[in-house]
Structures are given as C-alpha cells and as structure tokens.
Amino acid sequence: MQKLSRRNLITGTTGLALGSFALPLVQGAQETAPEECWKYVKLSPQKVAQCVYETYGTNGCLYGAFKGAVLEYASANPAMAQVVKAFPFVAFRCGRGGFARMKQLCGAVAGAVMFMNCFVGDFKQLCALTEKLGKYAAESPLPDFVPADDKYPDFLKVVAHGLTCREMGGAWMGKATAEQKKIVGERCKRHTASIMAKAVELLNEHFNCK
C-alpha cells in the first residue's frame with residue numbers, strides 16, 4: 001500500500017479529504033504534551049492593585065489589569081522574568097471600553113479572569129472563582145482601591161448591579177457630580193485596580209497561601 005505523507009494527507013493530493021477519516025490522523029500526528037499553567041506564588045492584593053493602577057496608561061482596563069498583575073507576579077517570581085518580557089501585552093488593548101468600545105463585558109473583569117486562568121488548570125474551579133469575582137464586581141461599592149498617593153480622598157463608590165462597561169461605568173456616572181465626571185479616567189484606573197485586587201485575594205485563598 002502506498003505510504004501517505006502528512007503533507008499529502010493535508011493537501012489532498014492523494015485524493016483523501018480532511019473528513020471523518022483524515023482528521024483523526026492529522027490530530028494524532030500533531031498531539032503534544034498538555035499545556036501547563038504557571039506556578040502561582042503568593043501575591044499582595046494591594047501591591048498588585050497599585051501596579052495595575054500605575055500601569056493602566058492609555059490602553060484601557062483589560063490591558064492595565066492583566067499587564068499590571070503579570071508584572072507584579074514576575075517581580076515575586078523572578079523565574080518568569082523572561083516570559084513576561086516577551087509577552088505581547090499590546091494584544092489586550094482590545095478590551096478598552098467594554099471590548100473595542102462596544103460597552104460589553106468590563107475589561108477589568110475580563111483581565112482578572114484571564115490572570116486567574118494562567119494559574120487555575122481546572123476549568124470548573126476557574127468558573128467558581130469567576131462567579132465569586134463577578135458577584136463582588138457587581139454587588140460591591142466600587143472603586144474601593146485607594147492608591148498610595150491619593151489625590152482624591154473620599155472617592156465616589158457605586159454599586160453597579162451588572163458586569164458590562166455600560167452598566168458599571170454608567171452607574172458611577174449616574175451618581176457623579178459635574179466635577180467628579182471630569183475625572184472619570186481616575187475612576188476607571190481605581191476600578192480596574194479594585195477588581196484585580198479581589199482576583200488576587202481569591203487566588204491566595206484558592207492556593208491556601210499563608
């Protein structure tokens with residue numbers, strides 16, 4: 001019987017299409033070792049939140065949440081320094097404004113879940129942690145993070161009763177005064193830091209960090 005090369009199988013030059021017969025062969029040929037999650041180390045929710053706050057910049061909540069948390073993780077776990085240095089954080093700009101300004105899922109929440117996903121391999125456990133994070137984000141007066149250099153004492157906190165950018169940002173804007181609305185960007189930075197601090201708190205509990 002004529003031997004089938006992988007290239008011939010894929011391109012169809014032997015007359016075999018990638019159908020019910022060919023696809024399992026290709027999948028088997030491409031099998032690799034399962035991807036492993038990063039090893040978690042205990043992190044300080046306050047330090048992570050502060051790093052997120054400082055990293056936020058102009059690229060939005062998803063970018064600020066994930067990059068700030070990963071940078072602090074690398075600081076606590078130097079073995080990951082090279083991985084973090086090569087990480088394409090720019091890809092997370094898409095989360096700004098509820099994903100490309102569509103006002104959908106809050107980028108801070110999405111970034112926090114993505115960060116937890118780097119460490120929690122069991123999907124059911126990740127979903128349980130996400131549910132806890134979502135409950136906190138939707139039902140707590142936010143933002144509750146206070147930066148080290150607090151230029152706005154007694155910052156307005158609002159319960160959103162939702163997880164979309166439209167609901168969370170809209171709830172805050174609905175309660176803000178004309179002066180407070182001028183610093184809505186500060187609200188977004190503090191909000192993102194608050195969500196990530198809670199995610200780290202949940203990770204510390206999940207991994208029984210003492």
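Figures for the structure shown
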quantity: Residue within segment 95-108 that is without any contact (Cβ under 8 Å) to a residue 12 or more places away in the chain and basic (Lys, Arg) present; calculated: yes
quantity: Filter result (under 13 Å from the mean Cα position of the chain (by Cα) and not in a loop (DSSP other than H, G, I, E, B)) within segment 50-61; calculated: Val52, Cys61
quantity: Count - residues of segment 85-134 that are in a helix (DSSP H, G or I), in contact with a Phe, Trp or Tyr (Cβ under 9 Å, 6 or more places away or on another chain) and among the β-branched types (Val, Ile, Thr); calculated: 1
quantity: Total residues in segment 170-189, condition over 24 Å from Lys47 (Cα atoms) and open to solvent by 20 Å² or more (accessible area, probe 1.4 Å); calculated: 11
quantity: Residues that are part of a loop (DSSP other than H, G, I, E, B), at negative phi and of a type outside the set (Phe, Trp, Tyr), drawn from segment 145-161; calculated: Val146, Pro147, Ala148, Asp149, Asp150, Lys151, Pro153, Leu156, Lys157, Val159, Ala160
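Quick grid of which residues meet (1) part of a loop (DSSP other than H, G, I, E, B); (2) basic (Lys, Arg); (3) at pLDDT 50 or above; (4) surrounded by fewer than 17 Cβ atoms within 10 Å (Cβ to Cβ):
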{"residue": "Arg7", "(1), (2), (3), (4)": "no, yes, no, yes"}
{"residue": "Ala17", "(1), (2), (3), (4)": "yes, no, no, yes"}
{"residue": "Leu23", "(1), (2), (3), (4)": "no, no, no, yes"}
{"residue": "Val26", "(1), (2), (3), (4)": "no, no, no, yes"}
{"residue": "Leu43", "(1), (2), (3), (4)": "yes, no, yes, no"}
{"residue": "Gln46", "(1), (2), (3), (4)": "no, no, yes, yes"}
{"residue": "Tyr63", "(1), (2), (3), (4)": "no, no, yes, no"}
{"residue": "Lys67", "(1), (2), (3), (4)": "no, yes, yes, no"}
{"residue": "Val83", "(1), (2), (3), (4)": "no, no, yes, yes"}
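The values are calculated or read from the model by the stated rules, or taken from the named source; none is laboratory data. The model shown is predicted, which means the values in this text are computed figures rather than measured ones. Here the Cβ is made from the backbone with ideal geometry for all residues, glycine too, and neighbour counts use every protein chain on show. Side chains are part of the model used for accessible areas, which takes the heavy atoms of the whole protein and leaves out ligands, DNA and RNA. Shrake-Rupley method; radii C 1.70, N 1.55, O 1.52, S 1.80 Å.
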